[in-house]
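Below is one structure, written out as C-alpha coordinates, with a few remarks after it.
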Amino acid sequence: MKRNSLSSFYVSPWLLFAAAILQAVESAKGKYAHMLFNELFEDYSNALRPVEDTDKVLNVTLQITLSQIKDMDERNQILSAYLWIRQSWYDAYLKWDKDKYDGLDSIRIPSDLVWRPDIVLYNKADDDFSEPVNTNVVLRYDGKITWDAPAITKSSCVVDVSYFPFDSQQCNLTFGSWTYNGNQVDIINSLDSGDLSDFIEDVEWEIHGMPAVKNVITYGCCSEPYPDVTFTLILKRKSSFYIFNLLLPCILISFLAPLGFYLPADSGEKVSLGVTVLLALTVFQLMVAEIMPPSENVPLIGKYYIATMTMITASTALTIIIMNLHHCGSEAKPVPQWAKVVILEYMSKIFFVYDVGENCTSPKREKEEERKLEGDNGCQRRHKEVRSHLSNSKDDCDLKEKLNGNLNKSYRVNGENVRETVNCCSCYKMLIKNIEYIANCVRDHKANRAKGIEWKKVAKVMDRFFMWIFFIMVFFMSVLVIGKAP
(Lines give C-alpha, C1' and ligand atoms only; values in the text may rest on other atoms or scores of the structure.)
Protein backbone atom coordinates (compact mmCIF):
# COMPACT_ATOMS: atom_id res chain seq x y z
CA MET A 1 0.00 0.00 0.00
CA LYS A 2 2.87 2.35 0.77
CA ARG A 3 4.55 1.65 -2.60
CA ASN A 4 1.32 2.36 -4.45
CA SER A 5 0.77 5.57 -2.59
CA LEU A 6 4.35 6.66 -3.25
CA SER A 7 4.11 5.85 -7.00
CA SER A 8 0.85 7.77 -7.31
CA PHE A 9 2.47 10.62 -5.38
CA TYR A 10 5.29 10.82 -7.95
CA VAL A 11 3.06 10.33 -11.07
CA SER A 12 0.48 12.96 -10.26
CA PRO A 13 2.84 15.96 -10.57
CA TRP A 14 3.91 14.80 -14.03
CA LEU A 15 0.27 14.54 -15.17
CA LEU A 16 -0.47 17.96 -13.83
CA PHE A 17 2.59 19.33 -15.61
CA ALA A 18 1.55 17.76 -18.95
CA ALA A 19 -1.97 19.13 -18.65
CA ALA A 20 -0.58 22.57 -17.90
CA ILE A 21 1.62 22.43 -21.01
CA LEU A 22 -1.33 21.39 -23.23
CA GLN A 23 -3.45 24.14 -21.81
CA ALA A 24 -0.69 26.61 -22.50
CA VAL A 25 -0.40 25.37 -26.09
CA GLU A 26 -4.16 25.67 -26.62
CA SER A 27 -4.17 29.11 -25.17
CA ALA A 28 -1.25 30.00 -27.42
CA LYS A 29 -3.13 28.71 -30.49
CA GLY A 30 -6.17 30.62 -29.43
CA LYS A 31 -4.05 33.70 -29.09
CA TYR A 32 -2.66 33.24 -32.61
CA ALA A 33 -6.13 32.51 -33.98
CA HIS A 34 -7.45 35.79 -32.61
CA MET A 35 -4.42 37.59 -33.96
CA LEU A 36 -4.91 35.95 -37.38
CA PHE A 37 -8.61 36.73 -37.45
CA ASN A 38 -8.01 40.41 -36.66
CA GLU A 39 -5.31 40.74 -39.31
CA LEU A 40 -7.28 38.89 -42.03
CA PHE A 41 -10.55 40.75 -41.65
CA GLU A 42 -9.06 44.18 -40.89
CA ASP A 43 -9.53 45.43 -44.47
CA TYR A 44 -11.57 42.51 -45.87
CA SER A 45 -14.94 42.97 -47.62
CA ASN A 46 -17.32 40.09 -48.31
CA ALA A 47 -19.29 42.06 -50.90
CA LEU A 48 -16.88 41.60 -53.81
CA ARG A 49 -15.70 38.54 -55.66
CA PRO A 50 -12.37 37.52 -54.01
CA VAL A 51 -10.04 37.55 -57.01
CA GLU A 52 -6.97 39.68 -57.60
CA ASP A 53 -7.74 40.00 -61.30
CA THR A 54 -11.35 40.81 -62.15
CA ASP A 55 -11.03 39.04 -65.50
CA LYS A 56 -10.10 35.83 -63.78
CA VAL A 57 -12.76 33.11 -63.32
CA LEU A 58 -13.45 31.91 -59.80
CA ASN A 59 -13.99 28.14 -59.69
CA VAL A 60 -16.51 26.79 -57.20
CA THR A 61 -16.55 23.04 -56.56
CA LEU A 62 -19.99 21.66 -55.73
CA GLN A 63 -20.81 18.37 -54.05
CA ILE A 64 -24.30 17.17 -53.06
CA THR A 65 -24.97 14.46 -50.48
CA LEU A 66 -28.49 13.06 -50.34
CA SER A 67 -29.45 12.24 -46.78
CA GLN A 68 -33.18 11.58 -46.94
CA ILE A 69 -36.26 11.84 -49.12
CA LYS A 70 -38.82 13.55 -46.97
CA ASP A 71 -41.80 13.54 -49.31
CA MET A 72 -42.84 12.95 -52.89
CA ASP A 73 -46.02 14.87 -53.66
CA GLU A 74 -47.24 13.36 -56.92
CA ARG A 75 -50.36 15.50 -57.06
CA ASN A 76 -48.45 18.82 -56.82
CA GLN A 77 -45.31 17.35 -58.45
CA ILE A 78 -42.93 18.46 -55.70
CA LEU A 79 -39.97 16.52 -54.31
CA SER A 80 -38.85 17.31 -50.76
CA ALA A 81 -35.32 16.16 -49.92
CA TYR A 82 -32.80 16.66 -47.14
CA LEU A 83 -29.40 17.53 -48.68
CA TRP A 84 -25.91 18.33 -47.51
CA ILE A 85 -24.46 20.93 -49.83
CA ARG A 86 -20.67 21.32 -49.87
CA GLN A 87 -19.10 24.25 -51.70
CA SER A 88 -15.39 25.03 -51.85
CA TRP A 89 -13.46 27.88 -53.51
CA TYR A 90 -10.28 29.89 -53.07
CA ASP A 91 -10.29 33.37 -51.59
CA ALA A 92 -7.28 35.37 -52.72
CA TYR A 93 -7.49 37.75 -49.74
CA LEU A 94 -7.66 35.18 -46.96
CA LYS A 95 -4.21 33.62 -47.01
CA TRP A 96 -1.47 33.52 -44.38
CA ASP A 97 1.84 31.97 -43.56
CA LYS A 98 1.10 29.29 -41.02
CA ASP A 99 4.66 29.40 -39.67
CA LYS A 100 4.08 32.94 -38.45
CA TYR A 101 1.11 31.76 -36.44
CA ASP A 102 2.64 28.79 -34.70
CA GLY A 103 1.64 26.32 -37.44
CA LEU A 104 -2.04 27.28 -37.41
CA ASP A 105 -3.32 25.94 -40.77
CA SER A 106 -7.12 26.38 -40.50
CA ILE A 107 -9.75 28.26 -38.60
CA ARG A 108 -13.55 28.06 -38.45
CA ILE A 109 -15.49 31.26 -38.72
CA PRO A 110 -19.11 32.24 -39.43
CA SER A 111 -20.00 31.98 -43.08
CA ASP A 112 -21.54 35.44 -43.30
CA LEU A 113 -18.10 37.02 -42.70
CA VAL A 114 -16.67 35.79 -46.00
CA TRP A 115 -17.77 36.09 -49.62
CA ARG A 116 -20.05 33.23 -50.65
CA PRO A 117 -21.20 32.23 -54.13
CA ASP A 118 -24.91 32.75 -54.70
CA ILE A 119 -25.53 29.20 -55.87
CA VAL A 120 -29.22 28.38 -55.65
CA LEU A 121 -31.58 25.62 -56.69
CA TYR A 122 -33.02 26.72 -60.03
CA ASN A 123 -36.12 24.50 -59.94
CA LYS A 124 -37.04 25.36 -56.39
CA ALA A 125 -40.76 24.98 -55.65
CA ASP A 126 -40.87 26.34 -52.09
CA ASP A 127 -42.70 29.47 -51.05
CA ASP A 128 -39.99 30.25 -48.51
CA PHE A 129 -37.06 32.01 -50.21
CA SER A 130 -34.81 31.86 -47.17
CA GLU A 131 -31.04 31.74 -47.39
CA PRO A 132 -29.07 28.56 -46.65
CA VAL A 133 -28.23 27.80 -43.06
CA ASN A 134 -25.45 30.08 -41.82
CA THR A 135 -23.08 27.38 -40.66
CA ASN A 136 -19.37 27.98 -40.12
CA VAL A 137 -16.88 27.73 -42.94
CA VAL A 138 -13.46 26.13 -42.73
CA LEU A 139 -10.73 28.55 -43.84
CA ARG A 140 -7.30 27.13 -44.71
CA TYR A 141 -4.00 28.97 -44.84
CA ASP A 142 -3.84 28.73 -48.67
CA GLY A 143 -7.17 30.57 -49.02
CA LYS A 144 -9.38 27.53 -49.60
CA ILE A 145 -12.84 27.89 -48.07
CA THR A 146 -15.09 24.90 -47.51
CA TRP A 147 -18.71 25.50 -46.67
CA ASP A 148 -20.93 22.59 -45.59
CA ALA A 149 -24.57 23.54 -45.18
CA PRO A 150 -27.62 21.31 -44.67
CA ALA A 151 -30.75 22.19 -46.57
CA ILE A 152 -34.29 20.90 -46.97
CA THR A 153 -35.14 21.55 -50.60
CA LYS A 154 -38.47 21.42 -52.40
CA SER A 155 -37.94 21.05 -56.11
CA SER A 156 -40.37 20.73 -58.98
CA CYS A 157 -40.41 17.26 -60.53
CA VAL A 158 -42.33 16.16 -63.61
CA VAL A 159 -44.12 13.05 -62.38
CA ASP A 160 -45.20 10.42 -64.88
CA VAL A 161 -47.82 8.18 -63.26
CA SER A 162 -48.69 6.11 -66.34
CA TYR A 163 -47.48 2.92 -64.68
CA PHE A 164 -48.54 3.68 -61.10
CA PRO A 165 -47.93 1.83 -58.74
CA PHE A 166 -45.08 0.25 -60.72
CA ASP A 167 -43.62 3.57 -61.89
CA SER A 168 -40.14 5.06 -61.86
CA GLN A 169 -39.45 8.78 -61.58
CA GLN A 170 -36.54 11.02 -62.52
CA CYS A 171 -36.28 14.27 -60.62
CA ASN A 172 -33.71 16.93 -61.45
CA LEU A 173 -31.91 19.16 -58.96
CA THR A 174 -30.27 22.01 -60.89
CA PHE A 175 -27.78 24.20 -59.04
CA GLY A 176 -26.22 27.33 -60.45
CA SER A 177 -25.20 30.92 -59.68
CA TRP A 178 -28.05 33.37 -59.86
CA THR A 179 -26.13 36.56 -60.75
CA TYR A 180 -22.61 35.53 -61.80
CA ASN A 181 -22.13 34.29 -65.33
CA GLY A 182 -19.67 31.67 -66.49
CA ASN A 183 -16.93 34.25 -67.07
CA GLN A 184 -17.03 35.22 -63.41
CA VAL A 185 -17.96 32.07 -61.47
CA ASP A 186 -17.60 28.60 -62.92
CA ILE A 187 -19.19 25.58 -61.23
CA ILE A 188 -17.33 22.29 -61.16
CA ASN A 189 -18.98 19.11 -59.93
CA SER A 190 -16.74 17.32 -57.49
CA LEU A 191 -18.03 13.84 -58.37
CA ASP A 192 -19.76 12.28 -61.36
CA SER A 193 -22.82 11.69 -59.21
CA GLY A 194 -24.36 12.70 -55.93
CA ASP A 195 -23.10 11.10 -52.75
CA LEU A 196 -25.48 8.38 -51.51
CA SER A 197 -23.27 6.88 -48.82
CA ASP A 198 -25.22 8.50 -45.98
CA PHE A 199 -28.68 8.01 -47.48
CA ILE A 200 -31.40 6.91 -45.06
CA GLU A 201 -33.54 4.23 -46.70
CA ASP A 202 -36.99 5.43 -47.62
CA VAL A 203 -40.14 3.37 -47.02
CA GLU A 204 -41.70 4.23 -50.39
CA TRP A 205 -38.87 4.86 -52.82
CA GLU A 206 -35.69 3.09 -53.90
CA ILE A 207 -32.71 5.12 -55.11
CA HIS A 208 -31.15 3.73 -58.29
CA GLY A 209 -28.60 6.49 -58.80
CA MET A 210 -27.97 10.22 -58.82
CA PRO A 211 -25.78 11.12 -61.83
CA ALA A 212 -24.46 14.68 -62.19
CA VAL A 213 -24.09 16.57 -65.47
CA LYS A 214 -22.65 20.03 -66.05
CA ASN A 215 -24.54 22.26 -68.48
CA VAL A 216 -23.61 25.61 -69.97
CA ILE A 217 -26.70 27.50 -71.11
CA THR A 218 -27.08 30.88 -72.79
CA TYR A 219 -30.38 32.46 -71.88
CA GLY A 220 -32.36 34.89 -73.99
CA CYS A 221 -31.85 37.75 -71.58
CA CYS A 222 -28.07 37.65 -71.61
CA SER A 223 -25.30 36.84 -74.03
CA GLU A 224 -22.98 35.38 -71.39
CA PRO A 225 -22.99 31.64 -70.65
CA TYR A 226 -24.41 30.43 -67.35
CA PRO A 227 -23.09 27.08 -66.12
CA ASP A 228 -25.08 24.81 -63.84
CA VAL A 229 -24.83 21.29 -62.44
CA THR A 230 -27.89 19.04 -62.72
CA PHE A 231 -28.25 16.05 -60.43
CA THR A 232 -30.80 13.53 -61.72
CA LEU A 233 -32.37 11.53 -58.91
CA ILE A 234 -33.59 8.15 -60.23
CA LEU A 235 -36.39 6.78 -58.06
CA LYS A 236 -38.24 3.46 -58.17
CA ARG A 237 -41.47 3.14 -56.23
CA LYS A 238 -41.91 0.28 -53.77
CA SER A 239 -45.25 -1.06 -54.91
CA SER A 240 -46.01 -3.55 -52.11
CA PHE A 241 -48.12 -1.07 -50.14
CA TYR A 242 -50.28 -0.19 -53.14
CA ILE A 243 -50.59 -3.80 -54.27
CA PHE A 244 -52.01 -4.92 -50.93
CA ASN A 245 -54.18 -1.83 -50.34
CA LEU A 246 -55.40 -0.82 -53.80
CA LEU A 247 -54.76 -3.48 -56.44
CA LEU A 248 -55.40 -6.75 -54.64
CA PRO A 249 -58.77 -5.68 -53.14
CA CYS A 250 -59.86 -4.53 -56.58
CA ILE A 251 -58.95 -7.88 -58.10
CA LEU A 252 -60.81 -9.78 -55.39
CA ILE A 253 -63.88 -7.56 -55.74
CA SER A 254 -63.87 -7.85 -59.52
CA PHE A 255 -63.93 -11.64 -59.24
CA LEU A 256 -67.22 -11.29 -57.34
CA ALA A 257 -68.95 -9.71 -60.33
CA PRO A 258 -69.11 -12.90 -62.49
CA LEU A 259 -70.49 -14.82 -59.51
CA GLY A 260 -73.64 -12.71 -59.83
CA PHE A 261 -74.53 -14.87 -62.84
CA TYR A 262 -74.31 -17.97 -60.65
CA LEU A 263 -76.86 -16.70 -58.16
CA PRO A 264 -80.37 -18.18 -58.62
CA ALA A 265 -82.71 -15.75 -60.33
CA ASP A 266 -85.36 -16.23 -57.64
CA SER A 267 -82.98 -15.06 -54.88
CA GLY A 268 -83.48 -11.40 -55.78
CA GLU A 269 -79.81 -10.52 -55.08
CA LYS A 270 -78.33 -10.66 -58.57
CA VAL A 271 -78.66 -6.98 -59.43
CA SER A 272 -77.87 -5.77 -55.90
CA LEU A 273 -74.58 -7.70 -55.94
CA GLY A 274 -73.46 -6.01 -59.15
CA VAL A 275 -74.41 -2.56 -57.85
CA THR A 276 -72.56 -3.18 -54.56
CA VAL A 277 -69.40 -4.24 -56.38
CA LEU A 278 -69.64 -1.19 -58.63
CA LEU A 279 -69.89 1.14 -55.63
CA ALA A 280 -66.90 -0.53 -53.94
CA LEU A 281 -64.74 -0.01 -57.03
CA THR A 282 -65.90 3.60 -57.23
CA VAL A 283 -64.53 4.19 -53.72
CA PHE A 284 -61.13 2.78 -54.72
CA GLN A 285 -61.17 4.89 -57.88
CA LEU A 286 -61.70 8.04 -55.82
CA MET A 287 -58.81 7.10 -53.53
CA VAL A 288 -56.46 6.80 -56.50
CA ALA A 289 -57.77 10.07 -57.98
CA GLU A 290 -56.89 11.92 -54.76
CA ILE A 291 -53.27 10.77 -54.99
CA MET A 292 -52.63 11.28 -58.68
CA PRO A 293 -52.11 14.66 -60.40
CA PRO A 294 -54.97 15.86 -62.62
CA SER A 295 -53.17 15.13 -65.89
CA GLU A 296 -54.02 13.39 -69.15
CA ASN A 297 -51.86 10.42 -68.23
CA VAL A 298 -54.26 7.99 -66.60
CA PRO A 299 -52.37 5.62 -64.26
CA LEU A 300 -52.33 1.93 -64.99
CA ILE A 301 -54.36 1.07 -61.91
CA GLY A 302 -56.90 3.73 -62.91
CA LYS A 303 -57.30 2.10 -66.31
CA TYR A 304 -57.82 -1.22 -64.58
CA TYR A 305 -60.51 0.29 -62.35
CA ILE A 306 -62.30 1.85 -65.33
CA ALA A 307 -62.19 -1.40 -67.32
CA THR A 308 -63.46 -3.39 -64.34
CA MET A 309 -66.25 -0.92 -63.65
CA THR A 310 -67.28 -1.05 -67.31
CA MET A 311 -67.31 -4.83 -67.17
CA ILE A 312 -69.42 -4.84 -63.99
CA THR A 313 -71.86 -2.35 -65.54
CA ALA A 314 -72.20 -4.63 -68.58
CA SER A 315 -72.68 -7.68 -66.35
CA THR A 316 -75.42 -5.91 -64.38
CA ALA A 317 -77.21 -4.95 -67.58
CA LEU A 318 -76.96 -8.52 -68.88
CA THR A 319 -78.25 -9.81 -65.55
CA ILE A 320 -81.37 -7.67 -65.90
CA ILE A 321 -81.96 -8.97 -69.44
CA ILE A 322 -81.46 -12.59 -68.37
CA MET A 323 -83.85 -12.15 -65.43
CA ASN A 324 -86.51 -10.99 -67.89
CA LEU A 325 -85.95 -14.20 -69.85
CA HIS A 326 -86.19 -16.21 -66.64
CA HIS A 327 -89.55 -14.73 -65.72
CA CYS A 328 -91.14 -15.32 -69.11
CA GLY A 329 -94.40 -17.14 -68.40
CA SER A 330 -97.32 -18.57 -70.31
CA GLU A 331 -97.97 -15.28 -72.06
CA ALA A 332 -94.56 -15.27 -73.74
CA LYS A 333 -93.85 -16.60 -77.17
CA PRO A 334 -92.38 -20.09 -77.45
CA VAL A 335 -88.60 -20.47 -77.50
CA PRO A 336 -87.37 -20.10 -81.10
CA GLN A 337 -86.17 -23.19 -82.85
CA TRP A 338 -82.61 -21.90 -83.26
CA ALA A 339 -82.47 -21.19 -79.50
CA LYS A 340 -83.64 -24.72 -78.76
CA VAL A 341 -80.91 -26.17 -80.96
CA VAL A 342 -78.03 -23.84 -80.03
CA ILE A 343 -78.78 -23.05 -76.38
CA LEU A 344 -80.86 -25.92 -75.02
CA GLU A 345 -79.09 -28.73 -76.82
CA TYR A 346 -75.45 -27.73 -77.40
CA MET A 347 -74.61 -24.94 -74.94
CA SER A 348 -76.39 -26.62 -72.04
CA LYS A 349 -74.18 -29.68 -72.49
CA ILE A 350 -71.01 -27.57 -72.80
CA PHE A 351 -71.71 -25.64 -69.58
CA PHE A 352 -73.24 -28.62 -67.71
CA VAL A 353 -76.65 -27.03 -67.29
CA TYR A 354 -79.47 -29.43 -66.53
CA ASP A 355 -83.19 -28.91 -66.04
CA VAL A 356 -84.29 -26.10 -63.75
CA GLY A 357 -84.01 -27.22 -60.14
CA GLU A 358 -81.42 -29.92 -60.85
CA ASN A 359 -77.73 -29.85 -60.04
CA CYS A 360 -76.63 -33.16 -61.44
CA THR A 361 -78.05 -36.47 -62.67
CA SER A 362 -78.00 -39.48 -60.39
CA PRO A 363 -79.45 -43.02 -60.51
CA LYS A 364 -82.02 -42.04 -57.87
CA ARG A 365 -83.09 -39.08 -59.98
CA GLU A 366 -83.32 -41.27 -63.06
CA LYS A 367 -85.54 -43.78 -61.24
CA GLU A 368 -87.85 -41.00 -60.10
CA GLU A 369 -88.11 -39.77 -63.67
CA GLU A 370 -88.94 -43.28 -64.86
CA ARG A 371 -91.64 -43.60 -62.21
CA LYS A 372 -93.01 -40.24 -63.21
CA LEU A 373 -93.15 -41.30 -66.84
CA GLU A 374 -94.82 -44.58 -65.89
CA GLY A 375 -97.37 -42.65 -63.81
CA ASP A 376 -98.11 -40.34 -66.71
CA ASN A 377 -98.52 -43.32 -69.07
CA GLY A 378 -100.87 -45.01 -66.55
CA CYS A 379 -102.96 -41.87 -66.30
CA GLN A 380 -103.14 -41.69 -70.06
CA ARG A 381 -104.18 -45.35 -70.24
CA ARG A 382 -106.84 -44.82 -67.60
CA HIS A 383 -108.09 -41.77 -69.46
CA LYS A 384 -108.35 -43.78 -72.66
CA GLU A 385 -110.21 -46.57 -70.85
CA VAL A 386 -112.74 -44.09 -69.43
CA ARG A 387 -113.29 -42.59 -72.82
CA SER A 388 -113.72 -46.03 -74.46
CA HIS A 389 -116.08 -47.07 -71.66
CA LEU A 390 -118.10 -43.91 -72.13
CA SER A 391 -118.19 -44.45 -75.89
CA ASN A 392 -119.32 -48.02 -75.33
CA SER A 393 -121.96 -46.71 -72.96
CA LYS A 394 -123.12 -44.35 -75.66
CA ASP A 395 -123.37 -47.22 -78.13
CA ASP A 396 -125.32 -49.19 -75.55
CA CYS A 397 -127.61 -46.26 -75.14
CA ASP A 398 -128.26 -46.15 -78.87
CA LEU A 399 -128.82 -49.88 -78.88
CA LYS A 400 -131.27 -49.57 -76.00
CA GLU A 401 -133.12 -46.88 -77.85
CA LYS A 402 -133.53 -49.15 -80.85
CA LEU A 403 -134.63 -52.08 -78.72
CA ASN A 404 -137.05 -49.95 -76.78
CA GLY A 405 -138.49 -48.61 -80.02
CA ASN A 406 -138.98 -52.07 -81.32
CA LEU A 407 -140.52 -53.13 -78.04
CA ASN A 408 -142.84 -50.16 -78.11
CA LYS A 409 -143.95 -51.03 -81.55
CA SER A 410 -144.34 -54.71 -80.98
CA TYR A 411 -145.27 -54.99 -77.34
CA ARG A 412 -146.54 -51.39 -76.65
CA VAL A 413 -144.44 -50.74 -73.52
CA ASN A 414 -145.39 -47.76 -71.35
CA GLY A 415 -143.74 -44.25 -71.80
CA GLU A 416 -141.98 -44.14 -68.40
CA ASN A 417 -139.27 -46.60 -69.39
CA VAL A 418 -138.58 -44.64 -72.53
CA ARG A 419 -138.02 -41.38 -70.56
CA GLU A 420 -135.55 -43.03 -68.16
CA THR A 421 -133.51 -44.37 -71.03
CA VAL A 422 -133.31 -40.94 -72.69
CA ASN A 423 -132.20 -39.27 -69.40
CA CYS A 424 -129.41 -41.82 -68.94
CA CYS A 425 -128.00 -41.10 -72.38
CA SER A 426 -127.99 -37.31 -71.81
CA CYS A 427 -126.03 -37.74 -68.52
CA TYR A 428 -123.34 -39.71 -70.31
CA LYS A 429 -123.02 -36.99 -72.94
CA MET A 430 -122.53 -34.20 -70.36
CA LEU A 431 -119.96 -36.26 -68.50
CA ILE A 432 -117.96 -36.79 -71.69
CA LYS A 433 -117.94 -33.03 -72.41
CA ASN A 434 -116.76 -32.16 -68.90
CA ILE A 435 -113.95 -34.70 -68.98
CA GLU A 436 -112.79 -33.46 -72.38
CA TYR A 437 -112.79 -29.86 -71.08
CA ILE A 438 -110.72 -30.81 -68.02
CA ALA A 439 -108.30 -32.77 -70.21
CA ASN A 440 -107.84 -29.78 -72.54
CA CYS A 441 -107.19 -27.46 -69.57
CA VAL A 442 -104.61 -29.83 -68.12
CA ARG A 443 -102.98 -30.16 -71.53
CA ASP A 444 -102.82 -26.37 -71.99
CA HIS A 445 -101.45 -25.93 -68.48
CA LYS A 446 -98.71 -28.46 -69.14
CA ALA A 447 -97.84 -26.77 -72.44
CA ASN A 448 -97.62 -23.33 -70.79
CA ARG A 449 -95.58 -24.75 -67.92
CA ALA A 450 -93.21 -26.44 -70.36
CA LYS A 451 -92.84 -23.14 -72.20
CA GLY A 452 -91.88 -21.33 -68.96
CA ILE A 453 -89.44 -24.11 -68.03
CA GLU A 454 -87.75 -23.77 -71.42
CA TRP A 455 -87.30 -20.01 -70.95
CA LYS A 456 -85.87 -20.58 -67.46
CA LYS A 457 -83.41 -23.08 -68.84
CA VAL A 458 -82.41 -20.62 -71.57
CA ALA A 459 -81.78 -17.99 -68.88
CA LYS A 460 -79.74 -20.43 -66.81
CA VAL A 461 -77.58 -21.42 -69.80
CA MET A 462 -76.94 -17.76 -70.64
CA ASP A 463 -76.01 -17.10 -66.99
CA ARG A 464 -73.38 -19.83 -67.08
CA PHE A 465 -72.10 -18.66 -70.45
CA PHE A 466 -71.59 -15.05 -69.34
CA MET A 467 -70.17 -16.16 -65.98
CA TRP A 468 -67.26 -17.92 -67.67
CA ILE A 469 -66.82 -15.12 -70.18
CA PHE A 470 -66.49 -12.51 -67.43
CA PHE A 471 -64.23 -14.75 -65.34
CA ILE A 472 -61.85 -15.01 -68.28
CA MET A 473 -62.01 -11.24 -68.83
CA VAL A 474 -61.20 -10.46 -65.19
CA PHE A 475 -58.30 -12.93 -65.21
CA PHE A 476 -56.76 -11.53 -68.38
CA MET A 477 -57.18 -7.95 -67.22
CA SER A 478 -55.42 -8.73 -63.96
CA VAL A 479 -52.57 -10.46 -65.78
CA LEU A 480 -52.34 -7.57 -68.22
CA VAL A 481 -52.02 -5.01 -65.43
CA ILE A 482 -49.29 -6.96 -63.66
CA GLY A 483 -47.54 -7.75 -66.95
CA LYS A 484 -47.32 -4.10 -67.95
CA ALA A 485 -45.26 -3.28 -64.89
CA PRO A 486 -41.86 -2.05 -66.11
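Tell me which residues, restricted to region 167-185, are open to solvent by less than 20 Å² (accessible area, probe 1.4 Å) and under 19 Å from Ile234 (Cβ atoms).
Selection gives Asp167, Gln169, Cys171, Leu173, Phe175.
Just for region 461-470: of the residues that are closer than 9 Å to Phe351 by Cβ and open to solvent by 40 Å² or more (accessible area, probe 1.4 Å), which one is nearest to the chain's Cα centre (by Cα)?
Looking at residues that are closer than 9 Å to Phe351 by Cβ and open to solvent by 40 Å² or more (accessible area, probe 1.4 Å), I get Trp468.
What about Leu247, is it closer than 23 Å to Met477 by Cβ and either at pLDDT 85 or above or not assigned by the TED database to the domain that holds Ile453 (or both)? So that I can check it myself, show each step before the final result.
Details: closer than 23 Å to Met477 by Cβ: yes; either at pLDDT 85 or above or not assigned by the TED database to the domain that holds Ile453 (or both): yes.
Yes.
Can you pull out the residues in region 277-294 that are closer than 20 Å to Ile253 by Cα and open to solvent by less than 70 Å² (accessible area, probe 1.4 Å)? Talk me through it step by step, then tell me what you get.
The initial filter retains those residues of region 277-294 that are closer than 20 Å to Ile253 by Cα, namely 277-289.
Across region 277-294, the qualifying residues are Val277, Leu278, Ala280, Leu281, Thr282, Phe284, Gln285, Val288, Ala289.
Of the residues Tyr32, Tyr10, Tyr82, which single one is at pLDDT 90 or above and of a type outside the set (A, V, I, L, M)? Full working, then the answer.
Numbers: Tyr32 fails: at pLDDT 90 or above; Tyr10 fails: at pLDDT 90 or above.
After ruling out the rest, the residue left standing is Tyr82.
For residues in region 242-276 being closer than 30 Å to Ile207 by Cβ and without any contact (Cβ under 8 Å) to a residue 40 or more places away in the chain, which is least open to solvent (accessible area, probe 1.4 Å)?
Pro249
Looking at Gln77, Gln63, which one is touching an Asp or Glu at 6+ places or on another chain (Cβ under 9 Å) and surrounded by 17 or more Cβ atoms within 10 Å (Cβ to Cβ)?
Numbers: Gln77 fails: touching an Asp or Glu at 6+ places or on another chain (Cβ under 9 Å).
Every option except Gln63 fails the conditions.
The values are calculated or read from the model by the stated rules, or taken from the named source; none is laboratory data. Everything numeric in this text was worked out from a predicted model, so none of it was measured. Every residue, glycine among them, receives a Cβ derived from its backbone with ideal geometry; neighbour counts consider all protein chains shown. In case anyone asks, the SASA skips ligands and DNA or RNA and just uses the protein heavy atoms, side chains included. Shrake-Rupley method; radii C 1.70, N 1.55, O 1.52, S 1.80 Å.
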